[in-house]
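Take a look at the structure set out below.
The values are calculated or read from the model by the stated rules, or taken from the named source; none is laboratory data. Computed from a prediction, not measured in an experiment: that's the story for all the values here. Cβ atoms come from the backbone with ideal geometry, glycine included; neighbour counts cover every protein chain shown.
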Ligand SMILES: NC(=O)c1ccc[n+]([C@@H]2O[C@H](COP(=O)([O-])OP(=O)(O)OC[C@H]3O[C@@H](n4cnc5c(N)ncnc54)[C@H](OP(=O)(O)O)[C@@H]3O)[C@@H](O)[C@H]2O)c1
């Protein structure tokens, strides 16, 4: 199997690369080469910005693949470009969508692939829905061989996923500094969180799998945690004590509408998933990395080098603003 990852060195695609190599696949990357140091040997890298269609097409040349996975398609325009780039270059095209696309507010606490898609709160999710619709249309009119993957919150060993951001060290740093952190609602809603190593087993198991063509498949582990326990687990891994302040999602949205859309459009609701379709298609899929283990690995990665422990000043200031608005309101 010859597979191409658009991406390949990121949060999800890095572990997918390792899994594909372990399964004996020939792995190609298409990316801008910003993390060239960590690329495993055996991977062939094509350098291009995929948003520059001409450059991407030139880099791809006459190469053909058994499967292409685009990890960085977010809008209908991105998918239009993918269709043009890959319709004659691959036997299977995998679009990474998002479980946040499922209807909000939810009508049932267990989500499966047949749960309707609709998210009036979060543009990111509406864009993913449009991407899915475009692929379905292309399959109907021209037989485009798509597979849609819907991950929920998924992290690699360089992330500490929190309610307020996952790609930076803002919330963990506040914990280490003894500052307050916000958990939305009463901290008791359930959230499914998956390690990228487990996610990778699902994705790679779908590649070259004829039963996955024309299908949407959600990939997530079976560990559901309360938001309070997510924050306590992160703090424990760092050797810190979390100072949690509970603030309702609609209050967060009133103070900061952009941040609020991530709660009202996603994290405010319990998210439990029925992954029986995935387990039928990829029988070896299971949850092997608990959140506690995952956070120990991530903490070790962050604590190994000071330069990794960077807070996002904009997010940090936004959290302070929400906290002081809440302090002013609370009686
Ligand atoms: N993580 C989650 O919790 C989660 C949940 C739901 C859905 N998703 C979806 O999962 C996908 C992957 O997310 P991720 O954060 O894990 O991404 P990722 O795999 O970390 O993607 C980053 C990779 O893409 C490359 N890249 C970025 N921009 C590029 C460009 N313009 N041209 C070429 N290559 C580019 C990066 O390399 P260079 O920078 O060197 O180019 C890197 O290899 C996204 O579509 C996201 O919507 C993620």
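For this structure, a couple of remarks:
- Answer residue from the stretch 128-165, given it is under 17 Å from residue 192 (Cα atoms) and touching a strand residue (DSSP E or B) at 6+ places or on another chain (Cβ under 6 Å) and is farthest from the ligand (Cβ to nearest atom) among those: 163
- Restricting 114, 157 to residues that are within 17 Å of residue 272 (Cα to Cα) and assigned to a loop (DSSP other than H, G, I, E, B) narrows the list to 114.
A quick yes/no check of all residues on (1) in contact (Cβ under 8 Å) with a residue 40 or more places away in the chain; (2) in a helix (DSSP H, G or I):
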| site | (1), (2) |
| --- | --- |
| 264 | yes, yes |
| 269 | yes, no |
| 277 | yes, yes |
| 302 | yes, yes |
| 320 | no, yes |
| 323 | yes, yes |
| 327 | no, yes |
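- Only one entry in 180, 174 is surrounded by fewer than 19 Cβ atoms within 10 Å (Cβ to Cβ) and farther than 27 Å from residue 86 by Cβ, namely 180.
- Unmet requirement for residue 219, which otherwise passes all of (1) surrounded by fewer than 24 Cβ atoms within 10 Å (Cβ to Cβ); (2) within 13 Å of the ligand (Cβ to nearest atom); (3) modelled with pLDDT of 95 or more: (1)
- Scanning the stretch 165-187 for residues that are over 18 Å from residue 241 (Cβ atoms) and assigned to a loop (DSSP other than H, G, I, E, B) returns 166, 167, 168, 185, 186.
- Selection of first residues in the stretch 158-181 that are at positive phi and not assigned by TED's automatic domain parsing to the domain that holds residue 38 and of second residues that are surrounded by 16 or more Cβ atoms within 10 Å (Cβ to Cβ) and part of a loop (DSSP other than H, G, I, E, B), restricted to Cβ pairs under 8 Å at least 6 apart or on distinct chains, gives the following pairs, ordered by first then second residue: 165/312; 178/240.
- Residue match in the stretch 101-119 (condition: more than 21 Å from residue 192 (Cα to Cα) and more than 16 Å from the ligand (Cβ to nearest atom)): no
- Test: residue in the stretch 126-141 that is outside the structural domain of residue 227 (by TED's automatic domain parsing), part of a strand (DSSP E or B) and surrounded by 18 or more Cβ atoms within 10 Å (Cβ to Cβ): no
- Criterion (at pLDDT below 95, under 18 Å from the mean Cα position of the chain (by Cα) and within 24 Å of residue 264 (Cβ to Cβ)) met by exactly one of 162, 154, 167: 167
- Boolean, residue 211 is under 20 Å from residue 285 (Cβ atoms), within 13 Å of the ligand (Cβ to nearest atom), out of contact with any strand residue (DSSP E or B) (no Cβ under 6 Å at 6 or more places or on another chain) and not in a loop (DSSP other than H, G, I, E, B): no
- Identity of the residue in the stretch 39-78, more than 10 Å from the ligand (Cβ to nearest atom) and in a helix (DSSP H, G or I), that ends up surrounded by the fewest Cβ atoms within 10 Å (Cβ to Cβ): 54
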